Amino acid sequence: MCVTPALLHLLQLLLSLHMSGWLGVDAIRVYTSGYAEAVNGTDVRLKCSFSSSAPIRRSALTISWSFRPLGPGNEETVFYYHEKPFPPSEGRFMKKIIWSGDISSRDASIVVRNVKFSYNGTFSCHVKNPPDVHGNVGEVRLRVVTSASFSEIVILAVAIGGAVLLIIIILIGIVSIRRCRKKERMEREEVVPRRYKDPDLW
């Protein structure tokens, strides 16, 4: 079989695309909310999910979270998962990270407890499920604030107001139904004039 230079070049191109993951093989997709806001001192859930063309094997799947501060500072490991969660044993996130994911649901989320202003920065979610090891990195930019933002307050107020309004409507409906039933019952209980024969007429 004669291999032409053009065919050889095409084979090399396909091989390089396969190795880089461009052919859709060995590629994993990671999805995050992209942005999260939390009040200082509260807990926040950083959402991360993934999709993989390969079957999920707990013995091979690895999840790692890292943190890059907003200001000067080096990137540091926040969390690692391989068959079981491994929270950090040192550093600013020691005893601050809780596993909140579910491998069977392709959920790699974590909870950051008692957030501080020093947690302002970018959290990165890395997932590998061999042979799916290439793909994007999910990022969540966390903003720690002193109080809930105006939009969150408005949403909370609308939710509470809506719930109160719904309860009032339900109560009005119940009272109206009871009144109607009472009125119907009273109308049925009214004495209807009966025709009695006067004995003197006999």
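Just so it is clear, none of the values below were taken in a lab; they were calculated from the coordinates. Bear in mind the structure is a predicted one, so any value in this text is a computation, not a measurement. In this analysis, Cβ positions are derived from the backbone assuming ideal geometry, glycine residues included, and neighbour counts consider all displayed protein chains.
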Checklist entry - FRET efficiency for Arg29 and Lys84, Cβ-Cβ distance as r, R0 = 22 Å, nearest 0.05? => result 0.35
Item to check | Net charge contributed by nearby residues that have their C-beta within less than 15 Å of Lys84 (K/R +1, D/E -1) | outcome: 0
Checklist entry - Taking neighbour counts of Cβ atoms within 10 Å as a proxy for exposure, in what order, fewest first, do Glu76, Glu184 appear? => result Glu184, Glu76
Checklist entry - Direction-averaged shadow area of the convex hull around the Cα atoms of segment 24-147, nm²? => result 7.3 nm²
Checklist entry - Quick one: length gained pulling Thr122 to Glu76 fully straight, 0.36 nm per residue minus the C-alpha distance? => result 15.5 nm
Item to check | Computed over segment 37-100, Kirkwood Rh from alpha-carbon pairs, angstrom | outcome: 13.8 Å
Next on the checklist: Report the gain in length on full extension from Thr146 to Ile103: 0.36 nm times residue separation, minus Cα-Cα distance, nm rounded to one decimal.
Outcome noted: 12.1 nm
Next on the checklist: At a threshold of 8 angstrom on Cα-Cα distance, excluding pairs fewer than six apart, so keeping six or more, what relative contact order does segment 24-147 reach in percent?
Outcome noted: 40 percent
